[in-house]
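Heads up, the thing below is written out as structure tokens.
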Protein chains: 2
Amino acid sequence: MTEVRVAGVGLTRFGSHPERTGRDLFAEAADRAFADAGVERDDVGELNYGNFMGALAEHQGHQAPLMAEAAAVRCPATRYESACASAGVAVREAVRTVRSGEADVVLAGGMERMTNLDTEGATEGLAIAADDLFEVRAGVTFPGAYALMARAYFEAHGGDREDLAHVASKNHENALPNEYAQFRTAVSVEEALDSPPVAEPLHLYDACPITDGASALVLVSEEYAAENDVDAPVAVTGTGQGTDRMALADRADLASTPAAADAATAAYDDAGVGPADVDVAEVHDCFTIAEVLAVESLGFAEPGEGIAAARDGLTTADGDLPVNLSGGLKAKGHPVGATGGSQIAELTRLLRGDHPNSEHVPDADVGVAHNAGGTVASAVVHVLEVAE
Amino acid sequence: MTEVRVAGVGLTRFGSHPERTGRDLFAEAADRAFADAGVERDDVGELNYGNFMGALAEHQGHQAPLMAEAAAVRCPATRYESACASAGVAVREAVRTVRSGEADVVLAGGMERMTNLDTEGATEGLAIAADDLFEVRAGVTFPGAYALMARAYFEAHGGDREDLAHVASKNHENALPNEYAQFRTAVSVEEALDSPPVAEPLHLYDACPITDGASALVLVSEEYAAENDVDAPVAVTGTGQGTDRMALADRADLASTPAAADAATAAYDDAGVGPADVDVAEVHDCFTIAEVLAVESLGFAEPGEGIAAARDGLTTADGDLPVNLSGGLKAKGHPVGATGGSQIAELTRLLRGDHPNSEHVPDADVGVAHNAGGTVASAVVHVLEVAE
């Protein structure tokens with residue numbers, strides 16, 4: 001089985017792009033990825049593309065052929081949708097496609113436009129990632145769902161809003177130098193605590209923003225890289241996916257995310273590494289509590305101890321295991337269908353040493369990306385390693 | 001590389017199911033597939049699920065975890081969307097997953113609910129499979145788009161409405177004994193010709209209906225089948241996928257479907273067979289002209305000769321190459337996200353000899369399924385063969 005290498009990564013600035021079309025955003029990300037990779041577009045064998053709510057936000061389904069055209073590739077193109085894990089699943093299938101020899105080069109990524117919806121439209125659009133019959137019609141929105149998870153966590157393990165505010169403040173701090181981040185503004189713990197409530201115990205600065213943006217990765221086989229003198233020092237060595245019951249009411253425990261734990265176990269096994277080997281991670285912090293749950297599901301902290309990870313410094317930029325050096329969904333932004341690809345792009349930059357925050361992880365060899373859909377009914381975990 | 005076998009197939013009746021939920025429909029199809037297969041659900045390694053317009057029709061995205069629950073499987077679950085080829089892509093990835101050894105057993109299929117929308121809602125929903133910016137906003141609907149293709153075909157090659165009426169009449173005839181078909185009513189060539197116009201030259205009986213329904217397949221490796229005494233006499237020996245420009249205005253020719261030709265070439269190469277080896281086919285006849293184009297793209301007739309295939313008897317039930325013995329999308333119905341799986345289910349039944357129309361193809365060894373998305377911007381082709 002060949003090793004999969006990240007030959008190139010490309011991102012748009014995350015934020016509000018009212019003047020841009022979805023295909024324009026993905027084209028920009030793809031252009032950057034090809035320029036970074038030095039790979040010919042004619043060599044691309046497949047396009048795996050993530051998008052979540054294009055049917056609602058842009059009245060556009062069937063986006064894969066459009067994005068193949070936007071990226072100027074001629075090959076089978078497939079859209080993946082797994083809510084906020086859409087691009088993670090697209091990347092995972094790309095990894096498996098290269099490994100199986102079906103293609104030597106795959107373009108993978110995603111795009112979402114969300115800011116063209118008003119707040120109500122975006123909230124309703126995001127809600128299609130929850131169970132319409134048994135959650136949404138009962139009034140559940142995503143801030144409400146994650147608030148339930150935060151309350152369950154506090155009840156099971158303790159912790160409080162101030163612990164969560166440390167997550168927010170850390171990720172805003174990390175986003176400051178990131179040229180692709182939506183918010184490059186510092187937020188203190190006090191400011192986070194003082195922000196208006198959204199769904200108690202979650203306040204405004206516990207939530208990620210509504211974002212437009214795109215991500216693209218050029219993944220190649222190690223043989224292709226060698227034969228074509230492609231500089232691709234980072235390998236995707238592990239991939240895993242997990243699925244849980246959709247509705248929170250159907251789960252035994254709201255204070256943990258077993259789909260992410262399943263995905264992590266599979267990805268670690270695949271890579272032959274464990275949590276203790278990980279030097280840096282990008283995790284799905286759509287809400288601050290989600291980062292806490294991710295840190296535990298990935299095995300970086302025991303159940304009940306993830307809540308203290310940011311406050312105590314484990315996951316800060318100069319901690320033992322920096323989490324979300326990109327700024328995370330929280331501050332970098334969360335264009336839903338692009339996020340899973342963006343995480344891999346940021347990790348690749350961090351491991352290559354060309355990320356503005358690489359200085360915090362100069363010796364990092366192993367990185368983990370954690371992408372979740374809905375209230376973690378879906379999860380995808382990837383392990384990246386420096387290969388050369 | 002292991003051979004992939006179809007261990008079991010399951011369908012709901014296609015039609016109008018106003019009292020059923022989507023998960024209920026998929027559960028029924030999955031129940032039938034597992035009963036047919038005699039495979040334990042615990043052995044399922046992945047679920048690949050196709051759905052097109054759930055965000056619009058049911059306010060439900062992120063359907064894969066819901067359908068894993070409905071089918072009572074615990075495994076990574078992924079939704080594929082490629083317009084009307086959504087389930088075809090889901091099946092294709094399932095085939096590749098079994099071949100690569102990632103899983104020995106994959107549940108693949110799809111579901112669509114459409115009749116809960118009114119005609120305008122369904123037409124608008126289907127339109128998200130076309131280019132919103134450059135087609136839909138200019139007034140293009142799918143009947144209109146296929147009417148343009150029919151006009152281009154007539155102009156390039158000749159043919160007329162009566163040729164198309166033979167396709168409609170043939171497929172309605174084929175659907176008569178099919179217990180899963182939406183329309184089990186004969187339609188004569190004259191009745192088809194006399195039906196009201198929708199978009200000239202296409203009339204009502206040139207179009208497939210709006211349909212609710214689900215499909216499910218249990219795909220296994222040949223080793224799994226042998227070790228578990230699973231009777232799975234039909235193999236999926238070829239898979240191919242093609243992608244074209246989305247907008248009709250961007251294509252060189254409207255009288256052919258190169259994405260389907262690309263998919264067919266890849267699938268035939270994969271299986272090591274050619275069009276002359278094929279005994280029976282299920283093709284994507286969302287409109288009668290689409291069957292004509294499919295017959296040519298699959299190599300069953302030269303360009304310009306597919307128009308006569310039904311009229312002259314090549315593709316009738318007792319012709320040399322029966323096409324759409326199930327009744328096709330035209331008469332069996334077209335629950336968009338389920339159709340690609342339904343075609344494989346029907347072909348499997350035909351090749352096993354347990355389809356009500358198997359009597360027409362008693363010696364069939366090789367079958368082909370052709371599933372298309374949009375105006376064939378996406379296409380997936382599979383080759384099935386009797387393995388034992």
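Tabulated data
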| quantity | calculated |
| --- | --- |
| Yes/no for B:THR97 being out of contact with any Phe, Trp or Tyr (no Cβ under 8 Å at 6 or more places or on another chain), more than 21 Å from A:ALA247 (Cα to Cα), modelled with pLDDT of 95 or more and among the polar types (S, T, N, Q) | yes |
| Yes/no for A:THR239 being surrounded by fewer than 19 Cβ atoms within 10 Å (Cβ to Cβ) and either in a helix (DSSP H, G or I) or β-branched (Val, Ile, Thr) (or both) | no |
| Qualifying residue in the stretch B:288-304 (condition: within 14 Å of another protein chain (Cβ to nearest Cβ), of a type outside the set (Asp, Glu) and within 17 Å of the chain's Cα centre (by Cα)) | no |
| Residue ID - nearest to the other protein chains (Cβ to nearest Cβ), chosen from residues in the stretch B:112-164 that are closer than 28 Å to B:PRO303 by Cβ and among the charged types (D, E, K, R) | B:ASP131 |
| Residue that is nearest to A:ALA68 (Cα to Cα) [pool: residues in the stretch B:338-388 that are among the acidic types (Asp, Glu) and assigned to a helix (DSSP H, G or I)] | B:GLU346 |
| Test: residue in the stretch A:356-366 that is farther than 24 Å from A:GLU179 by Cβ, away from every other protein chain (no Cβ under 14 Å) and touching a strand residue (DSSP E or B) at 6+ places or on another chain (Cβ under 6 Å) | yes |
| Residues (farther than 12 Å from B:ALA377 by Cβ and either under 23 Å from the mean Cα position of the chain (by Cα) or not in a helix (DSSP H, G or I) (or both)) located in the stretch B:124-141 | B:GLU124, B:GLY125, B:LEU126, B:ALA127, B:ILE128, B:ASP132, B:LEU133, B:PHE134, B:GLY139, B:VAL140, B:THR141 |
| Failed criterion for A:GLY353 (all others in (1) at negative phi; (2) surrounded by fewer than 21 Cβ atoms within 10 Å (Cβ to Cβ) hold) | (1) |
| Qualifying residue in the stretch A:94-103 (condition: under 26 Å from A:ASP354 (Cα atoms), away from chain B (no Cβ under 13 Å), touching a Ser or Thr at 6+ places or on another chain (Cβ under 6 Å) and of a type in the set (A, V, I, L, M, F, W, C)) | no |
| Residues (part of a loop (DSSP other than H, G, I, E, B) and farther than 11 Å from A:GLU46 by Cα) located in the stretch A:95-123 | A:SER100, A:GLY101, A:ARG113, A:MET114, A:THR115, A:ASN116, A:LEU117, A:ASP118 |
| Residue in the stretch A:56-75 that is of a type in the set (Val, Ile, Thr), touching a helix residue (DSSP H, G or I) at 6+ places or on another chain (Cβ under 6 Å) and closer than 25 Å to A:ALA181 by Cα present | no |
| Breaking point among (1) part of a helix (DSSP H, G or I); (2) surrounded by fewer than 22 Cβ atoms within 10 Å (Cβ to Cβ), for A:ARG92 | (2) |
| Long-range neighbours under 6 Å by Cβ, at least six apart or interchain, first residue under 23 Å from A:ALA29 (Cα atoms) and touching a residue at least 40 places away in the same chain (Cβ under 8 Å) within the stretch A:111-125, second in a loop (DSSP other than H, G, I, E, B) and charged (D, E, K, R) | A:ARG113/A:GLU58 |
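The values are calculated or read from the model by the stated rules, or taken from the named source; none is laboratory data. This one's a predicted model, so the numbers in the text were calculated from it and none came from an experiment. With ideal geometry, Cβ positions are generated from the backbone for all residues, glycine too; neighbour counts draw on all protein chains shown.
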